[in-house]
Amino acid sequence: MKKILFVTSEVYPLIKTGGLADVSNSLPKSLADTGQDVKIILPNYRALKLTRNVQLRSVFKIGSHSVQLLETQLPDSNVTVWLVDCPEYFGMAGNPYVDSAGHSYANNPERFALFCRAVIEVAMNRADLDWKADVVHCNDWQTGLIPALLSLENELCPKTVFTIHNMAYQGFFNGLTAARLQLPIELLSSDGLEFYGGISFIKGGIAYADKITTVSPTYAHDIQTPELGYGLEGLLIYRNDDLTGIINGIDDDWNPETDMLIPKRFNVNSFQDKSINKTALQTRLNLPIDGNVLVLSLISRLVEQKGIDMLLDCLPDLLSLPVQIVILGSGEKSFEHGLQQLAAVYPDKMALTLGYDEALAHLIEAGADVFLMPSRFEPCGLNQMYSQRYGTLPVVRKTGGLTDTVVDTLPDTLANRTATGFVFSEENAGALLETIKRALLLYGFPEAWKQVQTNAMNCDFSWKRSAAQYLELYENID
Ligand code: ADP
Ligand code: GLC
């Protein structure tokens, strides 16, 4: 049994801005199911949705700050969650990283440096918890200082794994900010945290962790190129022997057979019942009720990564086809406005919901026919897997985890029953539109469509397999 400290800046259902929160819920639970002793640790943001008992476990100092360590459990599981409480840093309402105008909090470097330092105290069993980690599993830049700081501890320090969920967010701060953090000078060399005259938190994870993972094999390759390595491709190539891609799984919350958030549950033997969810979706969003029209969908952060600009460019042409489109998301204001303008012009064909809505996300997965993910890059992506489980065929760009999880519908993949969606390569609106037209064409052949739905619904994206790969990794760190 390994003692694993899983360090993250968000965990579903306590707080979520994206897929990291889903992974931070499912992976620890799956590891605990294999008998490991897993503790999750995250900041005690004011916005946390806590439903279980919270206890004070310890109080300690990080510099001049007094930190309380609180303990609770993940809802619906026995996995312990430790919360690093420091109200002057985590006491603001709202998003963990940005203010209501979408700007990063000015003191993010201090906030996450304090979090990392607190995690070191816990990992090293200096926080009165009588628990010492064997492995500290860090996720994304907010935790990147941990492997760096642990490298200065004695030989008995835990092993470290650093998982990159997104190279585009690096935690880069200029030299003046870096000085404010008063990090040990040994860490500030060009082999260490230094990056273009400032410091990079993510580089701390990449340079110092014993093992580095990212969330799909293709993305592990992609980040070793200048296009998606953002200046760290050289270091990633250097660390190539310690870098692996482990595809995310999906949680059982996303299962059409048991989903309590959808009007009619269904499985691969009853997926005619999916049409009841389609009607419910059209009703809920005030779209004309029509079982035969192809319903396209998208649920996403509305940011450049997700190819929203490509979708906006082809929407006027797309809306001249016999389709409806349902969009749920929030993000950059320019994308929100562009979508709002089109939705106002085509109220009978396009339903836009701006904001975050978990229940609607489930209804969309259950009721739509096609899910769009035209991402410019995608470390893993979860919705293309959720979609397949709900028989909602994904249209995806061939990048990162989308490459690894969707099989394009072509004559041979149709014949050998491996086709699960539609894939395009070029990064432009025309390619997206052409691929949607391919889906529309196949939709006219109900038997073939059903076959691809069946293939998709039968895919195994369970966490069990991925958790076993992480466990093997933990066990093989020398
Ligand atoms: P990323 O982490 O890059 O945003 P993922 O595909 O890994 O992308 O995960 C996104 C997660 O966030 C999915 O669970 C998706 O359903 C959810 N999500 C994104 N936007 C919304 C929204 N507006 N409402 C509800 N869920 C959303
Ligand atoms: C990131 C990536 C996404 C991935 C998620 C969970 O947010 O953008 O592709 O699925 O992390 O690993």
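The values are calculated or read from the model by the stated rules, or taken from the named source; none is laboratory data. Owing to the predicted nature of the structure, the values given are computational and were not obtained by experimental measurement. We place every Cβ from the backbone using ideal geometry, glycine too, and count neighbours over all the protein chains shown. We work out accessible area using only protein heavy atoms, side chains counted, and drop any ligands, DNA or RNA first. Shrake-Rupley method; radii C 1.70, N 1.55, O 1.52, S 1.80 Å.
Tabulated values for the structure
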quantity: Matching residues, the range 190-210, being open to solvent by less than 50 Å² (accessible area, probe 1.4 Å) and part of a loop (DSSP other than H, G, I, E, B); calculated: 192, 193, 209
quantity: Residue within the range 199-207 that is closer than 20 Å to residue 30 by Cα, within 16 Å of ligand 1 (Cβ to nearest atom) and at pLDDT 95 or above present; calculated: no
quantity: Identity of the residue in the range 344-362, within 15 Å of ligand 1 (Cβ to nearest atom) and more than 24 Å from residue 406 (Cβ to Cβ), that ends up surrounded by the fewest Cβ atoms within 10 Å (Cβ to Cβ); calculated: 355
quantity: Lone qualifier among 228, 149 - being within 16 Å of ligand 1 (Cβ to nearest atom), of a type outside the set (Phe, Trp, Tyr) and out of contact with any strand residue (DSSP E or B) (no Cβ under 9 Å at 6 or more places or on another chain); calculated: 228
quantity: Those residues of the range 219-235 which are away from ligand 2 (no atom under 15 Å from the Cβ) and in contact (Cβ under 8 Å) with a residue 60 or more places away in the chain, in sequence order; calculated: 229, 232
quantity: Subset tally (residues that are buried (at least 18 other Cβ atoms within 10 Å of the Cβ) and assigned to a helix (DSSP H, G or I)) for the range 446-467; calculated: 9
quantity: Residue count, the range 103-126 (criterion: assigned to a loop (DSSP other than H, G, I, E, B) and under 19 Å from residue 159 (Cβ atoms)); calculated: 3
quantity: Test: residue in the range 26-35 that is within 14 Å of ligand 2 (Cβ to nearest atom), open to solvent by less than 40 Å² (accessible area, probe 1.4 Å), out of contact with any helix residue (DSSP H, G or I) (no Cβ under 7 Å at 6 or more places or on another chain) and not charged (D, E, K, R); calculated: yes
quantity: Residues within the range 43-102 that are part of a loop (DSSP other than H, G, I, E, B) and closer than 22 Å to residue 181 by Cα, tallied; calculated: 10
quantity: Any hit, the range 363-382, residues being polar (S, T, N, Q), closer than 30 Å to residue 101 by Cβ and open to solvent by 30 Å² or more (accessible area, probe 1.4 Å); calculated: no
quantity: Positions within the range 160-189 being away from ligand 2 (no atom under 16 Å from the Cβ), of a type in the set (S, T, N, Q) and part of a loop (DSSP other than H, G, I, E, B), in sequence order; calculated: 174, 182, 189
quantity: Test for residue 161: is it under 25 Å from residue 248 (Cβ atoms) and either in the same structural domain as residue 331 (by TED's automatic domain parsing) or touching a strand residue (DSSP E or B) at 6+ places or on another chain (Cβ under 9 Å) (or both); calculated: yes
quantity: Pick from the range 12-25, criterion among the aliphatic types (A, V, I, L, M) and within 15 Å of residue 249 (Cα to Cα), ranking: surrounded by the most Cβ atoms within 10 Å (Cβ to Cβ); calculated: 23
quantity: All positions within the range 211-225 that are more than 16 Å from ligand 1 (Cβ to nearest atom), crowded, with 23+ Cβ neighbours inside 10 Å and part of a loop (DSSP other than H, G, I, E, B); calculated: none
quantity: Tally, over the range 394-428, of residues that are away from ligand 1 (no atom under 16 Å from the Cβ) and open to solvent by less than 20 Å² (accessible area, probe 1.4 Å); calculated: 6
quantity: Matching residues, the range 18-30, being within 16 Å of residue 215 (Cβ to Cβ) and not acidic (Asp, Glu); calculated: 18, 19, 20, 21, 23, 24, 25, 26, 27, 28, 30
quantity: Residue match in the range 11-26 (condition: in a strand (DSSP E or B), at pLDDT 95 or above and away from ligand 1 (no atom under 16 Å from the Cβ)); calculated: no
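Every residue, every condition in (1) part of a loop (DSSP other than H, G, I, E, B); (2) open to solvent by less than 20 Å² (accessible area, probe 1.4 Å), yes or no:
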position	(1), (2)
274	no, yes
278	no, yes
291	yes, no
312	no, no
